[in-house]
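Reading through the structure tokens given below for one structure.
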Amino acid sequence: MLPTVARVLDLEVMRRGLPQVVAGASHLERPVRWVHVSELPDVAGMLQGGELVLTTGIALPEDREGLARYVRELDEVGVAGLVIEFGRRYFDSLPRALVHAAEQRGLPLIVLRRELRFVAVTEAVHALVVNAQLERLRSSEAVHQVFNELAVEGAEPAEVVRQVALMAGAPVVLENLAHQVLAHEPAGRPEAELLEGWERRSRGVRPPGRTGHDPRSGWLVTAVGARGQDWGRLVLVEEPGPLPEETAHPHAMLLERGAATLALNRLVVRDRESLERQTHRTLLSGILTHALTVSEVALRAQALGVPLEGRRLVGVVLRQRRGPSPAALEAQARLRDFTELAAAAVRSCRLPALVGALDDEGVGVLIALGSQQDEHAALDGFAAALRRLAADTNREAAGPAPQQVFQPVVAVGSSVGSVRDARRTLLEATQVADAALHDAPGGRAAAYYRLPDVRLRGLLHLLRDDARLQTYVERELGPLLAYDAEHGSQLVQMLRIYLEQGRNKSAAADAAHLSRPSFYDRLHKVERILAVDLDQVESCLSLHVALLALDAVRR
């Protein structure tokens, strides 16, 4: 920061002159860019603004109009202040016209009651100015170094926001164009105080230009975007009040550099999930892992435009029916598109909800229903919208080499009445989704699965981590699994087809695309390896349960 007029007056070399402010006392925070010594009455034409003018007043005009013109010209060019030394032209007081003109213009006017060596003043002030410029240069270099590293590393938005807040020493918020909070750093301030009513407060702050300061709120705001397309704002939250009288906010460059890094990183990772989806995913993960407290989840969701408190919450988990395993990058792109598809379905139904990826294969949705909303109607509408959008996407992708086909499985948990229980509904929906994946596609009239729909398969998925269930699977199917692994056969699959066809050997042979003698031969081999009789109902029941448990364990 450049030294202010008040800072200059506090220097030891100035205090020797017994300085006294006689006009413009409320403007002593003006920055001093330079010190200029001159006795010329038309000195304004030689100045550029920001100078502290030192004079003995020996050549100043004598008439009222001349003195007023002298002050007006100095003020119009933007000088920081005027210092007049007693002893040459004036001795005990200044002309009233001079003082009145300075007071009217708000120009700091100071008298020195004791003679000073002006060169000593210029040396002292210029040392401060040079040091301030060097400090600004060092600060600018540090900012560019930090944010260059963040840009090269592809830092997450939360890390960029954290660095801006750390360097500014004040809270920073990244919001989208709908004034929903995407990332924030309280910088030691209570999170609730920072985010409470954020959208309403933010909408009232509209400083001019891409970067501007709002004195009413104290916020410094800059637009975030690139290539002519803004997608958010970066906000530095400070105390209300006007800026010091200088050309730019001290943190304007820092905030703009942070915004540029955010925009650049978004361009670089445009093929990854959107920032909004990342923020939703973070909240869903915080619910499931207890990484965030209940109050933190509610507060951040509210700032995102998804009110959770006082609502009925329903967890929904979406998975795609398995096809050929895609490459890693393709799988990431498919999950991203699947997540955006779910978000589009939520928007089309106008349901407030958190939507984000839960893992490498599934999408989580936490729907917040109002007291008057019908749960079944809302879920039916969402599932219908999702399938309609999936069908549209599949049609667009159809061709000689379709890129992806969406076959969503929609699983729903029991509704809960508080944010504290949101984890339970999401976990239940996850278990239902895992079990429902093995259900035959197109075999259901209902739009989504719930716990009663998955029956035995759902129970086995709940127990899949139990060592006793795993032991049961190995005891029932272990020899057959080992035989398939050693000989490359598919006897487990033959057994599965036989049991799924209700032990009808003819129908099972057709389903396996084998002749009846070949299929019968494979069944006899299964019986020999497992030492069971497939004509016995209890044996078949045990094996069928073991196969369902195998699916659960492998999941």
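The values are calculated or read from the model by the stated rules, or taken from the named source; none is laboratory data. Everything quoted here is computed from the prediction, not taken from an experiment. Cβ placement follows ideal geometry from the backbone for every residue including glycine, while neighbour counts extend to all protein chains displayed. Only protein heavy atoms, including side chains, enter the accessible area calculation; ligands, DNA and RNA are left aside. Shrake-Rupley method; radii C 1.70, N 1.55, O 1.52, S 1.80 Å.
A few remarks follow.
- Evaluated against (1) farther than 30 Å from residue 265 by Cβ; (2) open to solvent by 10 Å² or more (accessible area, probe 1.4 Å), residue 152 falls short on exactly one condition, (1).
- Verdict on residue 481 being over 21 Å from residue 456 (Cα atoms) and either surrounded by 12 or more Cβ atoms within 10 Å (Cβ to Cβ) or of a type in the set (Gly, Ala, Ser) (or both): yes
- Evaluation of residue 82 against (1) farther than 27 Å from residue 1 by Cα; (2) in contact with a Ser or Thr (Cβ under 9 Å, 6 or more places away or on another chain) (one fails), failing number: (1)
- Scanning region 379-400 turns up no residue that is part of a loop (DSSP other than H, G, I, E, B), open to solvent by less than 50 Å² (accessible area, probe 1.4 Å) and modelled with pLDDT of 75 or more.
- Some residue of region 227-236 being at pLDDT below 85, of a type outside the set (Ser, Thr, Tyr) and within 19 Å of the chain's Cα centre (by Cα): yes
- In region 18-36, the residues that are at positive phi and aliphatic (A, V, I, L, M) reach residues that are surrounded by 19 or more Cβ atoms within 10 Å (Cβ to Cβ) and in a strand (DSSP E or B) with C-beta atoms within less than 8 angstrom, at least six apart or across chains, in these pairs: 18/112.
- Qualifying residue in region 119-132 (condition: in contact with a Lys or Arg (Cβ under 8 Å, 6 or more places away or on another chain), farther than 19 Å from residue 235 by Cα and among the β-branched types (Val, Ile, Thr)): yes
- Taking first residues from region 364-391 that are of a type in the set (Lys, Arg) and partners that are crowded, with 16+ Cβ neighbours inside 10 Å, the Cβ contacts under 8 Å between residues at least 6 apart in sequence or on separate chains come to 387/408; 387/447.
- Criterion: among the aliphatic types (A, V, I, L, M), without any contact (Cβ under 8 Å) to a residue 24 or more places away in the chain and out of contact with any His (no Cβ under 6 Å at 6 or more places or on another chain) - qualifying residue of 514, 469, 437: 514
- Of the helices (runs of 4 or more DSSP H) that lie entirely inside region 421-521, those containing 3 or more residues that are at pLDDT 90 or above span 422-436, 467-487, 491-500, 505-511.
- Qualifying residue in region 346-356 (condition: under 16 Å from residue 425 (Cβ atoms) and exposed (fewer than 13 other Cβ atoms within 10 Å of the Cβ)): no
- Verdict on residue 246 being part of a loop (DSSP other than H, G, I, E, B) and either open to solvent by less than 70 Å² (accessible area, probe 1.4 Å) or modelled with pLDDT of 90 or more (or both): yes
- Filter result for residue 552 (open to solvent by less than 40 Å² (accessible area, probe 1.4 Å) and either within 30 Å of residue 458 (Cβ to Cβ) or of a type in the set (D, E, K, R) (or both)): yes
- Checked against (1) under 19 Å from the mean Cα position of the chain (by Cα); (2) in contact (Cβ under 8 Å) with a residue 12 or more places away in the chain, residue 348 passes all but a single condition, namely (1).
- Inter-residue pairs, beta-carbon under 9 Å, first open to solvent by 70 Å² or more (accessible area, probe 1.4 Å) and in region 185-203, second in a helix (DSSP H, G or I), 6+ apart: 196/299; 196/302; 196/303; 199/302; 199/303
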